[in-house]
Every structure is written in C-alpha cells, then in structure tokens.
Amino acid sequence: MTSTLVPVFAALGDETRWSILSALGDGDASASALAERFPVSRQAIAKHLTVLAEVGLVEPVRAGREVRYHVVGAELSATARRLDAIGRQWESRLTTIKEIAEGL
C-alpha cells in the first residue's frame, strides 16, 4: 500500500503542483489558462500537469484544439481511503499502548 502512495505524495509535495490541483478543483482548465493564474510559464505548468497525470490525479481531455485537464476524483478518494486506513492502524496501536500503560 505504501508504495502506491509514494508517487502521489511525491507529486503533491511540490507547492505549484498542489496549487494546480486545487485550482482544477474549481473546474477544468488548459495549461495556458492555468499559467495566467500562476507566476510560472505555460511550459512549466505543462510539466507539472504531466507529473500529476502520471500518478493519476489529473486527466487530459481534448476540447477542440485545446487540451484541458480535470481532477480524477476517484484517485483522490482512493488516496484518502488509504490514508484513513493508516490512521485507523495508528489509532489502534495507540489504544493498545494506552491500555498497556494504564495496566502497569
């Protein structure tokens, strides 16, 4: 499970990619449209979008001559479920430690 999270978190570890993903939450957009919202070039945005697409967080969709990107909600939901499972495991471990400590 952890190995599937690493590429996603590596992609999201970049502040610009995180911001791009957040912006796409407002609606689909092209690299050019996103470049107008951020202080980086269209080419840099395109590279960031490629990284996000490689890990399955965004998907390119052709709209005429333009390529627009949208967030893949299923992958974000799957990532959230994996994080939740990790959180539940830790909660279980901490509860066990608490019970052991209280029993001493």
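The values are calculated or read from the model by the stated rules, or taken from the named source; none is laboratory data. None of these values were measured; they are calculated from a predicted model. Don't worry about glycine lacking a Cβ; one is built from the backbone with ideal geometry, like all the others, and counts go over all protein chains shown.
Some notes on this structure:
- Inside segment 36-66, residues that are of a type in the set (Gly, Ala, Ser) and closer than 29 Å to residue 4 by Cα make up a count of 4.
- Residue within segment 6-14 that is more than 15 Å from the chain's Cα centre (by Cα) and not β-branched (Val, Ile, Thr) present: no
- Segment 41-71: number of residues that are under 15 Å from the mean Cα position of the chain (by Cα) and part of a loop (DSSP other than H, G, I, E, B): 3
- Exactly one residue out of 35, 80, 23, 74 is free of Cβ contacts under 8 Å to residues at least 12 places away in the same chain, surrounded by 15 or more Cβ atoms within 10 Å (Cβ to Cβ) and in a helix (DSSP H, G or I): that is 35.
- Criterion (aliphatic (A, V, I, L, M) and in contact with a Gly (Cβ under 8 Å, 6 or more places away or on another chain)) met by exactly one of 67, 72, 61: 72
- Restricting segment 1-20 to residues that are surrounded by 15 or more Cβ atoms within 10 Å (Cβ to Cβ), aliphatic (A, V, I, L, M) and free of Cβ contacts under 8 Å to residues at least 60 places away in the same chain leaves a set whose member that is farthest from residue 75 (Cα to Cα) is 20.
- If the condition is being closer than 24 Å to residue 9 by Cβ and modelled with pLDDT under 95, then segment 61-74 contributes 70, 71, 72, 73, 74.
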